[in-house]
Amino acid sequence: MGSAALGLAAPALARPAERTLILSTWDFGAAANAAAYAQWKKSGSLLDAVEAGARIPEADPENHSVGHAGYPDRDGHVTLDAIIMDDRGNVGAVAALEDFAHPISVARRVMEKTPHTFLVGEGAHQFAEAEGFDKVAMPTPEAERAWRDWLKTARYKPVANSENQRGSALDHDTIGMLFCAPSGQLAGACTTSGMAFKLRGRVGDSPQAGSGLFVEAGVGAATATGVGEEVTRIAGSARVVASMRAGMTPQAACREAVLHIARLRGDAVRDAQVAFLAIDHRGRIGAFALQPGFTFAATDPAGRTRIQTAGNLKNLATTK
């Protein structure tokens, strides 16, 4: 049965002759990929590259899904989460970090300077301060206005694909980036400001190794976006990589994870968006989502980037 009959968007499938270098979630991933590619050309380091890429949306004052301009939690605090990981078992993460613009860089410092993999809240703040990272005022004026408008009703409803609706009240907010060098070496990063107006202390899938991001040598890497609770329930990115290890293509592995969530959760995810993005060690890619609208940026070894649209379960269901 062909890809059209399955409801899969043809651009999401890598043809055998193609090799992808960098993948990242959503349209704003294109600028992140460009920065990652430039840094890779400069230093040759995949960790340098994914960190540089993730810092682009973190610093964007118009991006309310990632970084210091993200929308606050219900109490008015902006809290940031991030993870960085390579295929040699190196990983660092932070969650519920306040007052620092680049959680991805703090996460990398956790990986390089501590015996730990994950720091949260006050401890993450103290570490970032001790390491000399610059503080930044959060929330931004625009984010604070959005929060005060929300307080008038104090009603939260996730909006699917909000990452591509610039200026809206974002909910499931992430950029995930995957890098597969021509040698097959892998690394990844994921950074977020989390759900807008979330409960204080809420942490989604993004900074959790195996949920928001997973990287395995000789197999591949995966990242997730959408409602983090649904990804965390199935350790989604680790599941995708495990499926690739068992012989599935990246596309089939992403699709299997989405189908599993749909079967497991039923009506609870009827209007929710969850999506997975994957690359194997040969540079073949896959992407699949619960709902239409998930886009991603794919960059080839020559530095050319295309915004592509993933296949989705809703379209798949309508073809049956």
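Please treat every number below as a calculation from the coordinates, not as lab data. Bear in mind that the values here come from a model prediction, so they are computed numbers and not experimental data. Positions of Cβ are generated from backbone atoms using ideal geometry, with glycine treated the same way; all protein chains shown enter the neighbour counts.
What FRET efficiency would be calculated for the residue pair K152, Q126, taking the C-beta separation as r and a Förster radius of 30 Å, to the nearest 0.05? So, using R0 = 30 Å, E works out to roughly 0.25. Taking label points 7 Å from Cα along the Cα-to-Cβ direction, S43 and T309 give a separation of 3.7 nm. Of the residues F100, G210, G53, the one whose Cα sits farthest towards the positive end of the charge dipole of the chain is G210 (charges of +1 on Lys and Arg Cβ, -1 on Asp and Glu Cβ, taken about the Cα centre). For the chain, lysine pairs separated by 8 or more sequence positions, or belonging to different chains, with Cα-Cα distances below 24 Å total 6.
This structure gives Cα extents along the principal axes in Å, computed directly, and of (1) 58, 40, 34; (2) 95, 59, 35; (3) 52, 46, 31 that value is listed as (3).
Counting Lys and Arg as +1 and Asp and Glu as -1 over every other residue whose Cβ lies under 11 Å from the Cβ of Q39, the net charge comes to +1.
Over the chain, calculate the relative contact order: mean separation of alpha carbon pairs under 8 Å at least 6 apart, over the residue count, as a percent. Display every interim value, and only then the final one.
Working: 870 pairs, mean separation 76.7, N = 320.
This gives 24 percent for the chain.
Shown here is the pair-distance distribution of the stretch 238-320: with all Cα-Cα distances grouped in 5 Å bins from zero up to the longest one, the shares run 3, 15, 24, 23, 18, 11, 4, 2, 0 percent.
Look at where the Cα atoms of the stretch 16-72 and of the stretch 236-314 average out, and the two centres are 18 Å apart. For the stretch 19-134, the gyration tensor built on C-alpha atoms gives an oblate shape. Its axis ratio a/c (a ≥ b ≥ c) is at least 1.5, and a/b is not larger than b/c. Backbone geometry of the stretch 97-106 corresponds, through the Karplus equation with coefficients 6.51, -1.76 and 1.60 at θ = phi - 60°, to 3J(HN,Hα) couplings of 8, 10, 6, 10, 6, 10, x, 5, 6, 5 Hz, x marking Gly and Pro.
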